[in-house]
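Beneath this line is the structure, given in structure tokens, with notes to follow.
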Amino acid sequence: MFVYAATIFLSAFLLFQVQPMIAKFVLPWFGGSAAVWSASLLFFQLLLLAGYLYAHCLIRYFKPKQQMTVHCTLLLISLITLPIIPKDYWKPVGGSDPLLGILLLLGATIGLPYTLLSSTSPLLQAWYLRTKANVIPYRLFALSNFGSMLALLSYPFLVEPNITLRLQARIWSVGFAAFAVACGLAAWKSRSGTDALQTAAHEDAPAPRFSTILLWISLAACASTLLLATTSHLTQNVAPIPLLWVAPLSIYLLTFILAFESDKIYQRWLFLPLGLVALGVFTYGMSEYENNSDVIKRLIPMLCGALFIACLVCHGELAKRRPHPRYLTLYFLMVSLGGAIGGLFVALLAPRIFPNYWEMPIAIAGLGVLIAIVLSYDDSGAPRPLAVRASLLIVALAFGVYLARLERRANQEYILAARNFYGVLRVRDDPPDGGAEGVRVLIHGTINHGTQLLGPGGGRIPTSYFGETSGISRAIRSKGEKGPIRIGILGLGAGVTATLARAGDTLHYYEINPLIFQLAQTKFDFWKDCPADKQLYFGDGRLTLEGMKDSENLDFLAMDAFTSDAVPMHLLTREAYATYARHMKPDGILAVNISNRYLDLEPIMAQAAQEMGWTGVIVYDEGNSESYYVSNTWVLLSKSPAVFAHPNFQDGSTSALQPRKGFRTWTDDYSNIIQILR
């Protein structure tokens, strides 16, 4: 058994070690958006389905020696694709929907190796059953999930902080070559023997009913949808980082381990009532997330706890419905199909058919219906009385109606809600309050991305993070005293920064989200009222600047690219600063908005300034009593220390930027989010 167990464990470890690693490779190429991880998870689930389908067909339609020949041939071909480092020609151009580009890039880079790794668990369980008749191979599935969880947990705490990204890819490639050898040995050992999956036709093993197969798919799809929806909920508002990718996925896999390792762990009398509690926690977390300031310490653990209970219910019920080993590969194929359906729903369909994050309440309602269905049968599988089943279904449907009313109530204050790959944008009009003018606000996720006064001339009044005492306003005013200047800004938002540019100035925006520009033009006046010579470049700001042959020759460049409260980390690396420097004048100022509820970005900027030999200051701005100003913190950097001798930087709200001892410079190959959590 050792050969089979070791090969399955290694394949599972490699399968899930590569997920955060390859996603981190491609994250900077597609704007650093949290949706990149959702797209990557969709890819992984589709290839998991492809791997299980391959294993099912190989076992069902090929003889043992043919199975060995086919599989070993594909293993040899897959070695040609190593090392798994994405090629630069896959970098996108422009600001179009990147989902297809992400899927194609991942397919070209790790498609065949990942598919073969995905097929290993069901394939080797079937081979083991061939060599050891009358054994139950499902514990090998639990071992597979243990290897997967170990890979995920080790990544943010051991691998990411200590090993550069390219070295990670090379080490993984060596591990895959070792796996190919081990898998080839397992295939050789399985080339003969009694094929229990074929001879089982003589045993009393009736085929699973269609309703049972449908329930397999539904339980797997519900758990998968909750996984992706919860992950999106977290990464949209904190940061699209491996730590927040790994935590929900590890919980998801842990529930697989517990459900399939022993029938004694999942007890319906305990976990089905807890499932009802999880429904309440999900509902609370979904409705209170936007207004909660203690997300990391309280709300994230609550949502992760609810995800654990929900997934254990789904996977525990799946484990209780395991078929005879003759149908092992069909069973795992249907489970992976359910996972892929969940991924397709969250990553592909939801952003295109919903104006808001409705996949979370839909998944919660679906969990309620599934709990009602499984409660309709006792532990022996016998149906309960019709009145009981009807009552359970009515309660579940009533809960779904309640969730729909909550969503409707939460969004009725918005005059517009729109969504695309990069997230949900909402526009709200707040009426006059206590003599103050009414305002129009652009909300991205949970964060204010621009406020405009609704009175006359509102399109030329700076608000939000950009008031007169903010770091960006001070810097632009100091640079503009001698005449027109050239301004570049990564991130458009509602366009409030356009109020800082004057007639004669040149203003260039770099914006990846076409929906942002559409709303800035149609719902706000900042863009159209700006008298500067303005131009918008679509695409990721850093990639756009990298692709320009000629320098922008900027007097001032601001990095203000947020997705909700999450900052794209690829805009804060050594390579990013080098790109910014190429487009700036020798005495130009680089400004970075580091206002953030969850991450302390100051040490990243301080270390970068020290390494580049630049001078840096921090400007803290509490705003004023007006409700349309938001407290903010800006870091200003320049090659020329003399620029900070200006009176704009000499009051008590400005201080020198000080590096943190022992803090390692962030690069495209290295970053460590744990260091900067508040």
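Per-structure values
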read-out: Check on residue 362, buried (at least 19 other Cβ atoms within 10 Å of the Cβ) and closer than 26 Å to residue 231 by Cβ; value: yes
read-out: Positions within segment 305-341 being farther than 28 Å from residue 59 by Cβ and either out of contact with any helix residue (DSSP H, G or I) (no Cβ under 6 Å at 6 or more places or on another chain) or assigned by TED's automatic domain parsing to the domain that holds residue 57 (or both), in sequence order; value: 305
read-out: Test for residue 561: is it in the same structural domain as residue 614 (by TED's automatic domain parsing), surrounded by 19 or more Cβ atoms within 10 Å (Cβ to Cβ), of a type in the set (Gly, Ala, Ser) and not in a strand (DSSP E or B); value: yes
read-out: Those residues of segment 626-674 which are under 28 Å from residue 466 (Cβ atoms) and free of Cβ contacts under 8 Å to residues at least 12 places away in the same chain, in sequence order; value: 645, 647, 650, 651, 652
read-out: Given (1) touching a residue at least 60 places away in the same chain (Cβ under 8 Å); (2) more than 27 Å from residue 338 (Cα to Cα); (3) surrounded by fewer than 18 Cβ atoms within 10 Å (Cβ to Cβ), number of the condition residue 92 does not satisfy; value: (3)
read-out: Answer from 374, 395 - the residue that is under 21 Å from residue 212 (Cβ atoms), over 26 Å from the mean Cα position of the chain (by Cα) and assigned by TED's automatic domain parsing to the domain that holds residue 280; value: 374
read-out: Selection status of residue 212, polar (S, T, N, Q) and either at positive phi or at pLDDT below 85 (or both); value: no
read-out: Residue ID - modelled with the highest pLDDT, chosen from residues in segment 419-455 that are within 23 Å of residue 230 (Cβ to Cβ) and among the hydrophobic types (A, V, I, L, M, F, W, C); value: 425
read-out: Residues being surrounded by fewer than 19 Cβ atoms within 10 Å (Cβ to Cβ) and within 11 Å of residue 69 (Cα to Cα) - total across segment 178-192; value: 3
read-out: Long-range neighbours under 7 Å by Cβ, at least six apart or interchain, first residue within 16 Å of residue 523 (Cβ to Cβ) within segment 410-429, second aromatic (Phe, Trp, Tyr); value: 419/354; 424/357; 426/414; 427/414; 428/414
read-out: Near pairs, Cβ below 9 angstrom, 6+ apart or cross-chain, from segment 355-374 (touching a residue at least 24 places away in the same chain (Cβ under 8 Å)) to any residue that is among the basic types (Lys, Arg) and in a helix (DSSP H, G or I); value: 372/389; 373/389; 374/268; 374/320
read-out: Residue selected from segment 463-476 under the condition crowded, with 24+ Cβ neighbours inside 10 Å and among the β-branched types (Val, Ile, Thr), by the criterion modelled with the lowest pLDDT; value: 463
read-out: Single residue of segment 622-666 satisfying the filter (within 18 Å of residue 606 (Cβ to Cβ) and either aromatic (Phe, Trp, Tyr) or in a helix (DSSP H, G or I) (or both)) that is nearest to the chain's Cα centre (by Cα); value: 666
read-out: Given (1) out of contact with any Ser or Thr (no Cβ under 9 Å at 6 or more places or on another chain); (2) surrounded by 12 or more Cβ atoms within 10 Å (Cβ to Cβ), index of the condition residue 661 fails; value: (2)
read-out: From the options 426, 440, 460, residue that is surrounded by fewer than 22 Cβ atoms within 10 Å (Cβ to Cβ) and within 24 Å of residue 554 (Cα to Cα); value: 460
read-out: Residue that is modelled with the lowest pLDDT, among those in segment 221-264 that are surrounded by fewer than 24 Cβ atoms within 10 Å (Cβ to Cβ) and small (Gly, Ala, Ser); value: 262
read-out: Criterion: of a type in the set (A, V, I, L, M, F, W, C), in contact (Cβ under 8 Å) with a residue 12 or more places away in the chain and within 16 Å of residue 249 (Cβ to Cβ) - qualifying residue of 76, 15; value: 15
read-out: Hits in segment 161-175 - residues which are polar (S, T, N, Q) and at pLDDT 90 or above; value: 168, 173
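Residues checked against (1) part of a loop (DSSP other than H, G, I, E, B); (2) outside the structural domain of residue 231 (by TED's automatic domain parsing); (3) of a type in the set (Ser, Thr, Tyr):
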{"site": "399", "(1), (2), (3)": "no, no, no"}
{"site": "418", "(1), (2), (3)": "no, yes, no"}
{"site": "427", "(1), (2), (3)": "no, yes, no"}
{"site": "442", "(1), (2), (3)": "no, yes, no"}
{"site": "448", "(1), (2), (3)": "no, yes, no"}
{"site": "480", "(1), (2), (3)": "no, yes, no"}
{"site": "497", "(1), (2), (3)": "no, yes, yes"}
{"site": "502", "(1), (2), (3)": "yes, yes, no"}
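The values are calculated or read from the model by the stated rules, or taken from the named source; none is laboratory data. What you see is a predicted model, and the numbers here were worked out from it, not measured in a lab. Counting neighbours? That spans all protein chains shown, and the Cβs are built from the backbone with ideal geometry, glycine included.
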